[in-house]
Amino acid sequence: MPTAKKNEKPAAVTPPSPARRRELLATAAEVFAAHGYDATTVRRIADEAGLLAGSLYYHFDSKESMLDEILSSFLDELWAGYDAVLAAGLGPRETIEALVTESFREIDRHRAAVAIYQKESRQLAGKPRFGYLTDSRQKFEKAWLGTLERGVADGVFRPDLDVRLTYRFVRDTVWVAASWYRPGGLHGPEEIARQYLSMVLDGIAVRD
């Protein structure tokens, strides 16, 4: 019977490739979006990915870890785009236009993550691991309300505009698109943003 050589090191385990990890996260995001976080099991995700349930733990230690990575990656990218817009020194109308356009680009890139965020964020925010969801929501609200208030003060938007109601309307109108939008459809994110902005801004911009 062969014996191990003295001081022989065990064979190295090849870590999962970044591409495979992204693929598994994309699959998990679609399952979470379709069935909800609580109703989704590791086995269901593994089945969709063509893996045994135990094999998925080679890549992630829990479904919570998967969801955390899905949402944090989406929000990191969203805020990189939003922060660039807010730092650009644009006027209020142009800022709203850029924020809406950036939002639709994120729906195009991360449709499932946006759907999860819309459905689950308030419940998840109560869990210690997902406290950043509350911070993001507050930052999001501050950015939009501040821009709308600046527009009213500058005479760009109507003086009787209820900025909080407008913010909620624009927010929900934009992000609900994740429920029906599919990448590669008839209209790209920029064109959809243009159409939405035409409908929204004609209602809140000062008329000549």
Test for Arg109: is it out of contact with any helix residue (DSSP H, G or I) (no Cβ under 8 Å at 6 or more places or on another chain) and open to solvent by 30 Å² or more (accessible area, probe 1.4 Å):
no
In segment 60-76, how many are closer than 27 Å to Glu102 by Cα and either in contact (Cβ under 8 Å) with a residue 12 or more places away in the chain or open to solvent by 30 Å² or more (accessible area, probe 1.4 Å) (or both)?
11
Residue satisfying condition, being open to solvent by less than 20 Å² (accessible area, probe 1.4 Å) and aliphatic (A, V, I, L, M), within set Ala143, Ala153
Ala143
I'd like to know if segment 1-19 contains one or more residues that are among the aliphatic types (A, V, I, L, M), at pLDDT 95 or above, surrounded by fewer than 14 Cβ atoms within 10 Å (Cβ to Cβ) and in a helix (DSSP H, G or I).
no
Residue satisfying all of: in segment 124-179; assigned to a helix (DSSP H, G or I) and among the acidic types (Asp, Glu); farthest from Asp76 (Cα to Cα) among these:
Glu149
Assess whether Arg22 counts as being open to solvent by 20 Å² or more (accessible area, probe 1.4 Å) and without any contact (Cβ under 8 Å) to a residue 12 or more places away in the chain.
yes
Identity of the residue in segment 35-62, aromatic (Phe, Trp, Tyr) and within 22 Å of the chain's Cα centre (by Cα), that ends up farthest from Glu23 (Cα to Cα):
Tyr37
Count - residues of segment 169-191 that are without any contact (Cβ under 8 Å) to a residue 60 or more places away in the chain and either surrounded by 14 or more Cβ atoms within 10 Å (Cβ to Cβ) or hydrophobic (A, V, I, L, M, F, W, C) (or both):
5
State all residues of segment 164-198 that are over 16 Å from the mean Cα position of the chain (by Cα) and among the hydroxyl-bearing types (Ser, Thr, Tyr); if no residue qualifies, say none.
Thr166, Tyr167, Tyr196, Ser198
Are any residues in segment 109-121 touching a Lys or Arg at 6+ places or on another chain (Cβ under 9 Å) and either free of Cβ contacts under 8 Å to residues at least 12 places away in the same chain or closer than 12 Å to Tyr37 by Cβ (or both), and if so, which ones?
Ser121
Which members of segment 79-108 meet the condition of being free of Cβ contacts under 8 Å to residues at least 40 places away in the same chain and part of a helix (DSSP H, G or I)?
Ala80, Gly81, Asp83, Ala84, Val85, Glu94, Ala98, Glu102, Glu106
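The values are calculated or read from the model by the stated rules, or taken from the named source; none is laboratory data. Just so it is clear, the model here is predicted, and its values are computed rather than measured. So basically every Cβ, Gly included, is an ideal-geometry build from the backbone, and we count neighbours across all protein chains shown. Just the protein is used for accessible areas: all its heavy atoms, side chains included, with ligands, DNA and RNA removed. Shrake-Rupley method; radii C 1.70, N 1.55, O 1.52, S 1.80 Å.
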